[in-house]
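Here the structure is laid out as structure tokens; the discussion comes afterwards.
The values are calculated or read from the model by the stated rules, or taken from the named source; none is laboratory data. The model shown is predicted, which means the values in this text are computed figures rather than measured ones. We place every Cβ from the backbone using ideal geometry, glycine too, and count neighbours over all the protein chains shown. Surface areas here come from the heavy atoms of the whole protein model, side chains and all, with no ligands, DNA or RNA. Shrake-Rupley method; radii C 1.70, N 1.55, O 1.52, S 1.80 Å.
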Amino acid sequence: DVALLIVRSAYMQGQYDRVLAETESFPPELDDSVSADLLGYRALALLQQQKYRSADAVLEIALDLADDSVMALLAKASYEAQVGRLETAMGLASRAVEIDPASAEGWALIGELLSARGNLTEARDAYDKAVASRPYVSMLFARRAYINAQMGEFAAADTDINKLLENGFKRVPYVNFVQGYTEFRRGNFAE
């Protein structure tokens, strides 16, 4: 459990080299599902470094260990999306949220894939589930705000942006972008 928390924390902080170092090897007595989750994070770190073949090889091992590992499924879905196989990615992400309906990462990935297809209403619904599944304010609010702004739902976008600003996200470039995009869509060009 500690190994998984350390790796997840490093990944969330963008410390991809640390993720790779921490997942280079781990105790053989680890449960297969924990090993698969660790390998899922390893694959995600490799994807961040654009090492697609290596990531795919790691994902094959992870899913052989535990084909119901939500993290491995989501990492595989991310890989498939990045190589242009969006339908396969959607199938994997959907399977992940069937296994764990409270997976914020799973719902966020589904939201991203639906948004890429232009299905903004469904994407917002997926982001609603992602936000509801995460007990703290995160960048999921910014992504949902962006979708709301695209749909002309400015009050909803403002609510999410304000929540982010109140929780210390004032200097995060993507939050500033979404805030600016919302004002642009309103026609408030000076703002």
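Points worth noting:
- Test for residue 122: is it touching a helix residue (DSSP H, G or I) at 6+ places or on another chain (Cβ under 9 Å), under 30 Å from residue 68 (Cβ atoms) and of a type in the set (D, E, K, R): yes
- Some residue of the stretch 89-96 being of a type outside the set (A, V, I, L, M) and either under 30 Å from residue 189 (Cβ atoms) or open to solvent by less than 20 Å² (accessible area, probe 1.4 Å) (or both): no
- Restricting the stretch 26-56 to residues that are open to solvent by 80 Å² or more (accessible area, probe 1.4 Å) and part of a loop (DSSP other than H, G, I, E, B), the residue that is modelled with the lowest pLDDT: 28
- Test for residue 85: is it charged (D, E, K, R) and within 19 Å of residue 102 (Cα to Cα): no
- Restricting 52, 11, 41 to residues that are of a type in the set (Phe, Trp, Tyr) and more than 22 Å from residue 107 (Cβ to Cβ) narrows the list to 52.
- Residue in the stretch 11-25 that is farthest from the chain's Cα centre (by Cα), counting only those that are surrounded by fewer than 16 Cβ atoms within 10 Å (Cβ to Cβ) and part of a loop (DSSP other than H, G, I, E, B): 25
- The stretch 111-128 - residue that is touching a Gly at 6+ places or on another chain (Cβ under 8 Å) and touching a residue at least 24 places away in the same chain (Cβ under 8 Å) and, of those, surrounded by the fewest Cβ atoms within 10 Å (Cβ to Cβ): 124
- Exclusive hit being within 18 Å of residue 110 (Cα to Cα) and β-branched (Val, Ile, Thr), set 58, 83: 83
- Residue, surrounded by the most Cβ atoms within 10 Å (Cβ to Cβ), within the stretch 68-88, restricted to residues that are of a type outside the set (A, V, I, L, M, F, W, C) and outside any helix (DSSP H, G or I): 69
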